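Working notes, beginning with the structure itself.
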Amino acid sequence: GGGEPEGPPLAPDWWGEGRKYGSPACFEAPESQPYDKPTLGMCVDSLGDESDATSGDGWCETAVGTCTLRAAIEELSEWRAGHAGIQTANAQIAAGTIHLTAPLTPMTRFGLDGGGLTIDGGQYGVQLFRVTTGTGGGAELVNVALKNGFAPSGAQGGAVQVLRGSVRLTNVILDNNH
């Protein structure tokens with residue numbers, strides 16, 4: 001997202017460019033982030049559904065300076081290197097609900113530990129995840145509730161549609177998906 005953020009890098013500067021990678025909400029405990037060169041760790045610090053301001057720059061940040069789940073997935077999909085981890089930044093976010101305005105479309109391997117987060121498509125009648133992670137990779141959704149997802153006409157999977165790749169669900173609540 002927008003420009004070079006201040007503060008310590010979340011991951012080592014693998015390329016020696018002085019750049020920072022990840023998301024600002026992860027700065028509180030960088031030693032606990034899921035790093036393994038060249039992965040990214042993202043911490044969702046907003047229940048909004050805004051897009052990443054500059055996808056592919058290694059930084060999860062919307063135009064208003066937050067890291068939404070959509071922005072994190074967009075950033076990781078453009079980054080396309082290794083396995084990426086997404087988690088909620090705090091207990092308040094983990095206990096909240098994200099109301100999606102369009103499907104989330106991950107295109108790279110990633111893991112999401114929502115800590116109890118609810119992802120809901122009912123307000124706008126949308127499918128929740130449309131996964132195209134490719135061969136040799138997949139997505140893992142852990143500790144989330146997937147609620148009120150609606151597959152588009154002719155498609156399957158209101159909560160999760162796998163077009164390419166795989167998805168593993170662990171401790172996931174599926175509720176009223178069509």
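The values are calculated or read from the model by the stated rules, or taken from the named source; none is laboratory data. Because the structure is a prediction, the values reported are computed rather than measured. Backbone-built Cβ (ideal geometry, glycine too); neighbour counts: all protein chains shown. The accessibility values were calculated without ligands, DNA or RNA, using every heavy atom of the protein model including side chains. Shrake-Rupley method; radii C 1.70, N 1.55, O 1.52, S 1.80 Å.
Annotations
- The share of accessible area on the range 76-178 that comes from carbon and sulfur is 46 percent, using a 1.4 angstrom probe.
- Amide H within-cut-off set for Thr66, under 5 Å, with H built and near neighbours excluded: none
- Binned Cα-Cα distances of the range 51-178, short to long, each 5 Å bin given as a whole percent: 2, 12, 21, 26, 23, 13, 4, 0
- Per residue accessible area of the range 72-178, 1.4 Å probe, in Å²: 45
- Of Leu40, Leu163, the order by accessible heavy-atom surface (1.4 Å probe, DNA, RNA and ligands excluded), from most exposed downward, is Leu163, Leu40.
- Simple spin-label estimate for Thr170 and Ala63 in nanometres, 7 Å along Cα-Cβ: 3.7
- Note on Asp45: accessible area approximately 50 square angstrom, rounded to 10, probe 1.4 Å, nucleic acids and ligands left out.
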